[in-house]
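What follows is one structure encoded as structure tokens, with my remarks underneath.
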Amino acid sequence: MILTGTIRKMQTELKETVQYYLVFPDNFVHMNQLLDKNISLKHVGNECLNCSLDKKIWRQGFCYDCFTASPQAGDWIMRPELSRAHLDEEDRDLEYEKKVQLKPHIVYLANSSNIKVGVTRKTQVPTRWIDQGAHEAVAILETPNRYLAGIAEVALKDHVADKTNWRKMLTNSIEDVDLLRFRESLLQYIPQEAQEYILDNEKEWEINFPVLQYPEKVTSVNLAKTNEYAGKLKGIKGQYLIFEDGKVMNLRSHEGLVLEIKVD
């Protein structure tokens with residue numbers, strides 16, 4: 001099989017084991033079916049996910065001009081507490097910001113390598129947890145907008161991490177923690193204006209990833225620099241491909257790159 005297309009993050013389906021799909025405009029690849037197969041990857045061009053031009057990718061699949069101008073790359077994306085649509089205040093495009101920010105959001109705990117706190121739109125549950133490589137997760141609050149979720153996350157970050165150790169996640173060096181008990185210990189730190197949105201009787205989600213073999217150590221593949229790579233696929237976790245030689249490739253960091261993919 002030979003396929004050429006612009007990389008976007010893999011689409012996922014939560015089943016007994018997570019199912020992964022690499023989707024292109026006129027084709028898709030069920031990535032789980034490629035486990036234990038040799039895959040060759042070659043960087044043959046770029047396509048900005050916003051303007052579609054063949055320009056150097058800056059961040060998040062965008063060229064520099066689009067990253068600094070598109071509402072899809074505003075600072076409030078990474079820092080929800082900066083959201084202002086609920087005040088009718090524009091950052092880059094108020095109409096777009098209202099569509100995203102004024103929707104229900106979930107503040108959650110996820111365990112990928114260690115417990116971390118995060119924020120996601122309700123419609124992104126459990127996709128967000130799968131993308132982070134979390135083997136377990138639990139919701140804490142459901143807020144009516146992104147701002148309230150953001151200030152709750154900021155308050156909780158004083159008591160729990162907000163980042164995943166990706167190397168530990170990919171080597172499966174994970175902590176065994178009672179998420180529900182840990183969740184209860186954090187409720188006292190939620191800001192008063194967000195207290196009414198605390199969820200009751202939340203279940204703990206468990207997620208299993210399609211990994212045949214975890215590496216002892218990992219090294220990143222960056223096709224924007226090395227241009228080509230080939231290896232035997234041994235697992236998929238988060239948005240990472242895990243290869244037999246310990247190399248790992250983050251599909252999120254390759255968004256906007258046009259790759260030629262060959263499978264033996």
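Laboratory data are not the source of any read-out in this text; all were calculated from the coordinates shown. Predicted model, so just to flag it, every value in this text is computed and none were measured. Reconstructed Cβ throughout: ideal geometry from the backbone, glycine too, with neighbour counts over all protein chains shown.
Counting only helical runs of four or more DSSP H residues, what would the 222 nm mean residue ellipticity of the chain come to if each run contributes -39,500 (n - 2.57) and the total is spread over all its residues?
So the calculated ellipticity at 222 nm is -4500 deg cm²/dmol.
Take every DSSP beta bridge whose two residues both sit in the chain, then give the antiparallel share in percent to the nearest 5.
If we restrict to bridges inside the chain, about 95 percent are antiparallel.
Would you mind computing, in nm to one decimal, how far apart the modelled labels at R79 and F24 are, each placed 7 Å from Cα along Cα→Cβ?
In this crude label model, R79 to F24 measures out at 3.9 nm.
Pairs K116/K247; K122/K157; K168/K237: which are spaced more than 23 Å apart, C-alpha to C-alpha?
K116/K247
Of the residues L141, L212, L35, which exhibits the maximal mean-square fluctuation in a Gaussian network model of the chain defined by a 10 Å Cα contact cut-off?
It is L212.
Name the GluC sites (Glu not before Pro) in the stretch 178-219 that are in a loop by DSSP and that have at most 14 other C-beta atoms within 10 Å, would you?
Here the GluC sites (Glu not before Pro) that fit, given the DSSP loop and packing criteria, are E204, E216.
Can you list which of the GluC sites (Glu not before Pro) found in the stretch 72-127 are DSSP loop residues with at most 15 other C-beta atoms within 10 Å?
Answer by residue number: E89, E90.
At a temperature of 20 °C and a viscosity of 1.002 mPa s, determine how fast the stretch 102-206 diffuses translationally according to Stokes-Einstein, using the Kirkwood radius over alpha-carbon pairs as Rh; express D in µm²/s, rounded to the nearest whole number. Mind dumping the intermediate values first?
Working: Rh = 13.6 Å.
Estimated diffusion coefficient is 158 µm²/s.
Quick one: among H159, H43, H254, which has the greatest mean-square fluctuation in a GNM of the chain with alpha-carbon springs under 10 angstrom?
With Cα springs under 10 Å in the chain, the top fluctuation among H159, H43, H254 is at H159.
Would you please give the residues with an amide H less than 5 Å from that of C63, counting only those at least 5 places away or on a separate chain, with H modeled from the backbone geometry?
The list, which skips near neighbours in sequence, is L49, N50, C51, W58.
Could you give the Stokes-Einstein D for the chain in µm² per second, using the C-alpha Kirkwood radius, 25 °C, 0.890 mPa s?
The calculation lands on 125 µm²/s.
Which value, to two decimals, describes the C-alpha radius of gyration of the stretch 25-113 once divided by 2.2 N^0.38 Å?
This ratio for the stretch 25-113 stands at 1.47.
Whole angstrom only: what separates the Cα centroid of the stretch 237-264 from the Cα centroid of the stretch 46-83?
21
Just subtract the alpha-carbon distance of S40 and T226 from 0.36 nm times their residue separation and send over the number in nm, one decimal. Kindly include the intermediate steps, with their values, before the conclusion.
Numbers: separation 186, 0.36 × 186 = 66.96 nm, distance 1.28 nm.
Gain on extension, S40 to T226, equals 65.7 nm.
Please give the contour-minus-distance gain from L102 to D158: 0.36 nm per residue of separation, less the Cα-Cα distance, rounded to one decimal in nm.
17.6 nm
With equal scatterers on the alpha carbons only and no solvent term, can you work out the Debye log10 of I(q)/I(0) for the stretch 169-232 at 0.15, 0.27, 0.30 1/Å?
Debye curve over Cα of the stretch 169-232, log10 I(q)/I(0) at q = 0.15, 0.27, 0.30 Å⁻¹: -0.76, -1.29, -1.33.
Which trypsin sites (Lys or Arg not before Pro) in the stretch 168-264 pass both tests, a DSSP loop state and at most 12 other beta-carbon atoms within 10 Å?
Those that pass, being in a loop and sparsely packed, are K203, K217.
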